[in-house]
Amino acid sequence: MRNALRYSYTRIAIAFSTDNRDITIVINDDGLGVSAEDREQIFRTFYRTDKAHDRESGGTGLDLAIVEAAVNQHCGWVKAQDSLLCGLRLVLWLPLH
Ligand SMILES: Nc1ncnc2c1ncn2[C@@H]1O[C@H](COP(=O)(O)OP(=O)(O)OP(=O)(O)O)[C@@H](O)[C@H]1O
Ligand SMILES: [Mg+2]
């Protein structure tokens, strides 16, 4: 969510859905997005895209690596996709038990 705030222009959409077994969190934004090549890399520590460097947003490239490690330790997964809002769409899935 902090990335969506940092990298979007004006729109962010966040959705939570759950049933008895799992929870899914989807975060969409209308920013510059991340290319298909970079989407493979952005979960690596200290990896920042050129667009992020251009924006001087001052990040360190650690948050998504921490997110992926935390989600994996809870037997879940996280993936980055293109957003219908034209920016990035991040999907997190976590089992409840
Ligand atoms: N919503 C987004 N829109 C566009 N690019 C993004 C988005 N979220 C992440 N990125 C890209 O992925 C990179 C890695 O994200 P990550 O959150 O790990 O690091 P950061 O935002 O640069 O720094 P910090 O560790 O302070 O959050 C970012 O530098 C940026 O290039
Ligand atoms: Mg970040």
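The values are calculated or read from the model by the stated rules, or taken from the named source; none is laboratory data. None of the values given here were measured: they were computed from a predicted structure. Counting neighbours? That spans all protein chains shown, and the Cβs are built from the backbone with ideal geometry, glycine included. These area figures cover heavy atoms from the full protein model, side chains too; ligands, DNA and RNA do not enter into them. Shrake-Rupley method; radii C 1.70, N 1.55, O 1.52, S 1.80 Å.
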Of the conditions (1) part of a helix (DSSP H, G or I); (2) in contact with a Gly (Cβ under 8 Å, 6 or more places away or on another chain), Arg48 fails just one. Which one is it? (1)
If you go through segment 1-52, how many residues are under 18 Å from Trp77 (Cβ atoms), open to solvent by less than 100 Å² (accessible area, probe 1.4 Å) and at pLDDT below 95? 1
Specify the residue that is farthest from Ala65 (Cα to Cα); the eligible residues are those in segment 1-45 that are among the acidic types (Asp, Glu) and assigned to a loop (DSSP other than H, G, I, E, B). Asp19
